[in-house]
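This report concerns only the one structure given below.
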Amino acid sequence: MFDPVQFVNEILVIIALVIGLCFVYKYWNRVMLALTGDTKLHGGILDCLWYTIFQCCGCCTGEWTRCFTMCQCCPARYRRKNLVTLLGQWLGFTSHTIEIKNIVVGDLPYDGSRGDFYLCVECANNPTMVTSLAEDKMPKVVHFPEVMTLKVRNNPLENNVRITVKELNVFGHNNICVANFNAMQVLSWAYDPLTGDMQNRMKRFEMKPMDNEITRECPAWILIEFDEVHEARHLDNLRDANVVRTATRTANDPNPYEEVDISTYKQRQPLLDATGHGIDEPLE
(Lines give C-alpha, C1' and ligand atoms only; values in the text may rest on other atoms or scores of the structure.)
Protein backbone atom coordinates (compact mmCIF):
# COMPACT_ATOMS: atom_id res chain seq x y z
CA MET A 1 0.00 0.00 0.00
CA PHE A 2 1.39 3.38 -0.97
CA ASP A 3 2.31 5.52 2.04
CA PRO A 4 2.77 9.18 1.04
CA VAL A 5 4.41 10.08 4.36
CA GLN A 6 7.09 7.39 3.97
CA PHE A 7 7.61 8.38 0.33
CA VAL A 8 8.17 12.02 1.32
CA ASN A 9 10.59 10.96 4.07
CA GLU A 10 12.62 8.90 1.59
CA ILE A 11 12.77 11.81 -0.84
CA LEU A 12 13.95 14.14 1.93
CA VAL A 13 16.63 11.64 2.99
CA ILE A 14 17.90 11.37 -0.59
CA ILE A 15 17.96 15.17 -0.94
CA ALA A 16 19.85 15.47 2.36
CA LEU A 17 22.42 12.89 1.20
CA VAL A 18 22.93 14.69 -2.10
CA ILE A 19 23.38 18.02 -0.34
CA GLY A 20 25.81 16.40 2.10
CA LEU A 21 27.86 14.86 -0.72
CA CYS A 22 27.95 18.19 -2.56
CA PHE A 23 29.15 19.90 0.61
CA VAL A 24 31.89 17.31 1.13
CA TYR A 25 32.97 17.64 -2.52
CA LYS A 26 33.12 21.44 -2.40
CA TYR A 27 34.89 21.65 0.95
CA TRP A 28 36.95 18.46 0.60
CA ASN A 29 40.16 19.99 1.98
CA ARG A 30 38.42 21.34 5.07
CA VAL A 31 36.63 18.04 5.68
CA MET A 32 39.90 16.11 5.38
CA LEU A 33 41.63 18.58 7.70
CA ALA A 34 38.88 18.20 10.30
CA LEU A 35 38.88 14.38 10.14
CA THR A 36 42.60 13.58 9.68
CA GLY A 37 44.56 16.75 10.41
CA ASP A 38 45.78 16.81 6.79
CA THR A 39 44.30 18.14 3.56
CA LYS A 40 45.15 15.24 1.27
CA LEU A 41 45.16 11.45 1.09
CA HIS A 42 48.68 10.02 1.09
CA GLY A 43 47.80 6.99 -0.99
CA GLY A 44 46.10 5.93 -4.19
CA ILE A 45 45.40 3.11 -6.59
CA LEU A 46 49.08 2.67 -7.45
CA ASP A 47 49.97 2.32 -3.77
CA CYS A 48 47.24 -0.29 -3.34
CA LEU A 49 48.44 -2.31 -6.33
CA TRP A 50 52.06 -2.14 -5.16
CA TYR A 51 51.17 -3.24 -1.62
CA THR A 52 48.77 -6.04 -2.58
CA ILE A 53 50.44 -7.52 -5.68
CA PHE A 54 54.16 -6.84 -5.40
CA GLN A 55 54.47 -7.00 -1.61
CA CYS A 56 51.79 -9.66 -1.01
CA CYS A 57 49.99 -7.39 1.47
CA GLY A 58 53.24 -6.80 3.37
CA CYS A 59 54.19 -10.49 3.66
CA CYS A 60 57.12 -10.28 1.20
CA THR A 61 59.10 -7.13 0.50
CA GLY A 62 61.56 -8.83 -1.87
CA GLU A 63 64.62 -8.03 0.23
CA TRP A 64 65.85 -11.60 -0.30
CA THR A 65 66.42 -10.79 -3.99
CA ARG A 66 69.38 -8.53 -3.12
CA CYS A 67 71.59 -11.64 -3.01
CA PHE A 68 71.28 -11.85 -6.81
CA THR A 69 72.62 -8.31 -7.30
CA MET A 70 75.55 -8.43 -4.85
CA CYS A 71 78.07 -9.52 -7.49
CA GLN A 72 80.66 -6.93 -8.54
CA CYS A 73 79.97 -7.71 -12.19
CA CYS A 74 76.43 -6.37 -11.74
CA PRO A 75 76.02 -2.84 -13.19
CA ALA A 76 76.51 -0.16 -10.55
CA ARG A 77 72.97 1.19 -11.06
CA TYR A 78 71.48 -2.20 -10.06
CA ARG A 79 74.10 -3.41 -7.56
CA ARG A 80 72.64 -4.46 -4.18
CA LYS A 81 69.18 -3.41 -5.33
CA ASN A 82 65.89 -5.12 -4.53
CA LEU A 83 64.77 -6.86 -7.74
CA VAL A 84 61.09 -6.62 -6.79
CA THR A 85 61.47 -2.87 -6.33
CA LEU A 86 63.28 -2.58 -9.66
CA LEU A 87 60.44 -4.47 -11.36
CA GLY A 88 57.87 -2.22 -9.68
CA GLN A 89 59.77 0.88 -10.81
CA TRP A 90 59.97 -0.40 -14.40
CA LEU A 91 56.22 -1.13 -14.45
CA GLY A 92 55.42 2.21 -12.80
CA PHE A 93 53.95 0.92 -9.54
CA THR A 94 56.62 2.22 -7.18
CA SER A 95 58.63 5.41 -7.20
CA HIS A 96 61.99 6.44 -8.60
CA THR A 97 64.15 8.88 -6.66
CA ILE A 98 65.47 11.96 -8.44
CA GLU A 99 66.96 15.32 -7.49
CA ILE A 100 66.17 18.85 -8.55
CA LYS A 101 68.82 21.48 -7.90
CA ASN A 102 70.29 24.77 -9.18
CA ILE A 103 66.82 26.24 -8.69
CA VAL A 104 66.36 29.84 -9.83
CA VAL A 105 63.15 31.78 -10.47
CA GLY A 106 62.87 35.09 -12.26
CA ASP A 107 60.57 37.80 -13.58
CA LEU A 108 58.09 37.07 -10.82
CA PRO A 109 54.69 38.79 -11.16
CA TYR A 110 55.17 40.66 -7.89
CA ASP A 111 54.56 44.40 -7.63
CA GLY A 112 56.71 45.06 -4.58
CA SER A 113 60.35 46.10 -4.87
CA ARG A 114 61.50 43.28 -2.58
CA GLY A 115 59.91 40.29 -0.89
CA ASP A 116 60.48 37.09 1.08
CA PHE A 117 60.02 34.21 -1.37
CA TYR A 118 59.98 30.44 -1.04
CA LEU A 119 58.97 27.41 -3.10
CA CYS A 120 56.48 24.65 -2.39
CA VAL A 121 57.02 21.39 -4.27
CA GLU A 122 54.22 18.81 -4.47
CA CYS A 123 54.66 15.41 -6.08
CA ALA A 124 52.60 12.21 -6.01
CA ASN A 125 50.75 11.79 -2.69
CA ASN A 126 53.77 12.83 -0.64
CA PRO A 127 53.83 15.71 1.86
CA THR A 128 54.56 19.13 0.43
CA MET A 129 58.23 20.14 0.51
CA VAL A 130 59.27 23.72 1.21
CA THR A 131 62.55 25.49 0.52
CA SER A 132 64.28 27.92 2.82
CA LEU A 133 63.11 31.52 2.78
CA ALA A 134 64.89 33.84 0.34
CA GLU A 135 64.66 37.00 2.41
CA ASP A 136 64.42 40.53 1.04
CA LYS A 137 65.02 39.56 -2.59
CA MET A 138 64.14 41.42 -5.75
CA PRO A 139 61.59 39.59 -7.91
CA LYS A 140 63.76 39.83 -11.03
CA VAL A 141 65.96 36.85 -10.01
CA VAL A 142 65.73 34.70 -6.86
CA HIS A 143 68.10 31.80 -6.12
CA PHE A 144 67.39 28.82 -3.87
CA PRO A 145 70.29 26.71 -2.50
CA GLU A 146 68.35 23.49 -1.85
CA VAL A 147 68.87 20.12 -3.50
CA MET A 148 65.39 18.57 -3.26
CA THR A 149 64.69 14.85 -3.52
CA LEU A 150 61.51 13.78 -5.31
CA LYS A 151 59.77 10.39 -5.32
CA VAL A 152 57.81 9.96 -8.56
CA ARG A 153 56.45 7.01 -10.54
CA ASN A 154 56.89 6.38 -14.24
CA ASN A 155 53.17 5.96 -14.73
CA PRO A 156 50.52 8.00 -16.61
CA LEU A 157 48.30 7.84 -13.51
CA GLU A 158 50.91 9.65 -11.41
CA ASN A 159 50.06 13.18 -10.30
CA ASN A 160 51.95 16.10 -11.80
CA VAL A 161 54.93 17.63 -10.04
CA ARG A 162 53.69 21.06 -8.98
CA ILE A 163 56.05 23.90 -8.02
CA THR A 164 54.56 27.08 -6.56
CA VAL A 165 56.38 30.33 -5.77
CA LYS A 166 55.02 31.98 -2.64
CA GLU A 167 55.69 35.27 -0.90
CA LEU A 168 55.59 35.31 2.88
CA ASN A 169 53.61 37.98 4.69
CA VAL A 170 53.22 38.83 8.36
CA PHE A 171 49.82 37.14 8.16
CA GLY A 172 49.75 34.23 5.73
CA HIS A 173 51.28 34.21 2.26
CA ASN A 174 50.55 35.04 -1.38
CA ASN A 175 50.73 32.50 -4.21
CA ILE A 176 52.73 34.22 -6.95
CA CYS A 177 53.03 31.71 -9.82
CA VAL A 178 53.00 27.97 -10.50
CA ALA A 179 54.43 25.37 -12.88
CA ASN A 180 53.15 21.83 -13.42
CA PHE A 181 55.31 19.03 -14.84
CA ASN A 182 54.31 15.59 -16.06
CA ALA A 183 55.92 12.98 -13.78
CA MET A 184 56.97 10.72 -16.65
CA GLN A 185 58.58 13.65 -18.45
CA VAL A 186 60.48 14.64 -15.31
CA LEU A 187 61.88 11.11 -15.02
CA SER A 188 62.94 11.12 -18.65
CA TRP A 189 64.86 14.37 -18.10
CA ALA A 190 66.58 12.99 -15.00
CA TYR A 191 67.50 9.55 -16.38
CA ASP A 192 68.09 10.39 -20.04
CA PRO A 193 71.57 9.00 -20.93
CA LEU A 194 71.95 11.73 -23.56
CA THR A 195 71.80 14.48 -20.91
CA GLY A 196 75.17 13.78 -19.33
CA ASP A 197 76.21 17.39 -19.83
CA MET A 198 75.08 19.60 -16.95
CA GLN A 199 73.92 22.32 -19.32
CA ASN A 200 71.59 19.84 -21.06
CA ARG A 201 70.10 18.73 -17.73
CA MET A 202 69.23 22.32 -16.88
CA LYS A 203 65.94 23.56 -18.29
CA ARG A 204 64.11 26.86 -17.97
CA PHE A 205 60.31 26.72 -17.88
CA GLU A 206 57.54 29.27 -17.99
CA MET A 207 55.51 29.71 -14.82
CA LYS A 208 51.84 30.70 -14.87
CA PRO A 209 50.84 33.67 -12.67
CA MET A 210 48.13 32.94 -10.12
CA ASP A 211 46.47 36.28 -10.97
CA ASN A 212 45.64 36.01 -14.68
CA GLU A 213 44.00 39.42 -14.80
CA ILE A 214 47.34 41.23 -14.81
CA THR A 215 49.37 41.09 -18.05
CA ARG A 216 53.14 41.09 -17.59
CA GLU A 217 55.74 42.10 -20.16
CA CYS A 218 58.10 39.24 -19.25
CA PRO A 219 56.68 35.83 -18.30
CA ALA A 220 57.78 34.32 -15.01
CA TRP A 221 60.21 31.40 -15.29
CA ILE A 222 61.99 28.77 -13.25
CA LEU A 223 65.39 27.17 -13.91
CA ILE A 224 65.81 23.57 -12.70
CA GLU A 225 68.46 20.90 -13.09
CA PHE A 226 67.06 17.35 -13.06
CA ASP A 227 69.42 14.58 -12.04
CA GLU A 228 69.70 11.14 -10.54
CA VAL A 229 70.31 10.96 -6.81
CA HIS A 230 73.94 11.41 -5.75
CA GLU A 231 73.74 10.40 -2.11
CA ALA A 232 77.09 9.52 -0.52
CA ARG A 233 75.53 6.98 1.85
CA HIS A 234 73.74 5.00 -0.93
CA LEU A 235 70.62 4.68 1.21
CA ASP A 236 68.71 2.90 -1.55
CA ASN A 237 71.05 -0.06 -0.99
CA LEU A 238 70.68 -0.07 2.80
CA ARG A 239 69.15 -3.35 3.94
CA ASP A 240 69.94 -3.79 7.65
CA ALA A 241 67.72 -1.69 9.91
CA ASN A 242 70.06 -2.17 12.90
CA VAL A 243 72.95 -0.12 11.55
CA VAL A 244 73.70 3.59 11.26
CA ARG A 245 75.29 4.67 7.98
CA THR A 246 77.02 8.06 7.81
CA ALA A 247 78.99 9.73 5.03
CA THR A 248 82.79 9.94 5.44
CA ARG A 249 83.82 12.99 3.47
CA THR A 250 87.57 12.58 3.86
CA ALA A 251 90.02 12.64 0.97
CA ASN A 252 92.04 9.62 2.13
CA ASP A 253 89.09 7.31 2.83
CA PRO A 254 88.23 5.10 -0.18
CA ASN A 255 84.79 4.25 1.23
CA PRO A 256 82.08 6.88 0.74
CA TYR A 257 80.31 5.92 3.98
CA GLU A 258 80.81 4.31 7.38
CA GLU A 259 78.42 1.68 8.71
CA VAL A 260 78.21 0.92 12.45
CA ASP A 261 75.74 -1.25 14.37
CA ILE A 262 73.22 0.68 16.44
CA SER A 263 74.49 -0.36 19.89
CA THR A 264 78.07 0.70 19.09
CA TYR A 265 76.89 3.97 17.58
CA LYS A 266 74.85 4.82 20.67
CA GLN A 267 78.00 4.42 22.77
CA ARG A 268 79.98 6.55 20.35
CA GLN A 269 77.32 9.28 20.14
CA PRO A 270 75.63 9.72 23.55
CA LEU A 271 72.04 10.93 23.64
CA LEU A 272 71.61 14.65 24.40
CA ASP A 273 68.66 16.81 25.28
CA ALA A 274 67.78 20.01 23.44
CA THR A 275 70.31 22.02 25.52
CA GLY A 276 73.21 19.67 24.74
CA HIS A 277 73.32 17.85 28.09
CA GLY A 278 73.63 14.06 28.22
CA ILE A 279 70.64 11.94 29.25
CA ASP A 280 70.28 8.25 30.07
CA GLU A 281 68.68 5.69 27.74
CA PRO A 282 68.25 1.91 27.97
CA LEU A 283 70.92 -0.37 26.50
CA GLU A 284 70.29 -2.23 23.28
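The values are calculated or read from the model by the stated rules, or taken from the named source; none is laboratory data. These numbers come from a predicted model, not from an experiment. Note that we place each Cβ from the backbone using ideal geometry, even for glycine, and neighbour counts take in every protein chain shown. Areas reflect the complete protein model, heavy atoms only, side chains present, ligands, DNA and RNA absent. Shrake-Rupley method; radii C 1.70, N 1.55, O 1.52, S 1.80 Å.
Using a 1.4 Å probe on the protein chains only, how many percent of the accessible area of the chain belongs to carbon and sulfur?
On the way: 10860 of 18690 Å².
Accessible surface attributable to carbon and sulfur in the chain totals 58 percent.
Note on the chain: GNM, Cα springs under 10 Å; of N242, N125, N159, the largest mean-square fluctuation is that of N242. A 1.4 Å probe run over the protein chains yields, for the stretch 79-177, 48 Å² of accessible area per residue, whole-number rounding.
Scanning residues 5 or more positions from R216 or on other chains, none has an amide H under 5 Å from its amide H, with H placed 1.01 Å from N in the peptide plane. List the aspartates and glutamates whose alpha-carbon lies under 18 Å from that of K137, not counting same-chain residues fewer than 8 positions away? Within the straight-line cut-off, K137 pairs with D107, D111, D116, E146, E167. The chymotrypsin sites (Phe, Trp or Tyr not before Pro) of the stretch 51-136 meeting both criteria, a DSSP state outside H, G, I, E and B (loop) and at most 13 other C-beta atoms within 10 angstrom of the site's C-beta, are Y78. Projected onto the charge dipole of the chain (+1 at Lys/Arg Cβ, -1 at Asp/Glu Cβ, origin at the Cα centre), which of P127, C218, F181 gives the Cα projection farthest towards the positive end? Toward the positive end, the furthest listed residue is F181.
Ligands, DNA and RNA aside, F23 has an accessible area near 120 Å² when probed at 1.4 Å. Using the Karplus relation 6.51 cos²θ - 1.76 cosθ + 1.60 with θ = phi - 60°, the per-residue 3J(HN,Hα) values for the stretch 72-81 come to 5, 6, 6, x, 4, 5, 10, 5, 6, 8 Hz, with x marking Gly and Pro.
Remark: the chain carries a charge dipole of roughly 580 debye about the Cα centre, counting +1 on each Lys and Arg Cβ and -1 on each Asp and Glu Cβ.
Taking a 1.4 Å probe, which of K81, K208, K137 shows the most accessible area, and what order do the others take after it? Mind showing how you got there, number by number?
On the way: K81 45, K208 110, K137 90 Å².
Sorted descending by solvent-accessible area, the residues read K208, K137, K81.
Out of K26, K101, K40, any idea which swings most in a Gaussian network model of the chain, alpha carbons joined below 10 Å? Top of the fluctuation ranking is K26.
Quick one: plug the Kirkwood hydrodynamic radius of the stretch 112-230 (C-alpha pairs) into Stokes-Einstein at 10 °C, 1.306 mPa s, and report D in µm²/s. All intermediate terms of the calculation are to be shown ahead of the outcome.
Numbers: Rh = 15.6 Å.
Estimated via Stokes-Einstein, D reaches 102 µm²/s.
Taken over the stretch 1-159, the convex hull of the Cα atoms encloses 230 Å³ per residue.
How compact is the chain by the rule of thumb for globular proteins, expressed as Cα Rg over 2.2 N^0.38 Å? Let's see the in-between values first.
Details: Rg = 24.9 Å, N = 284, 2.2 N^0.38 = 18.8 Å.
Working it through for the chain, the quotient is 1.32.
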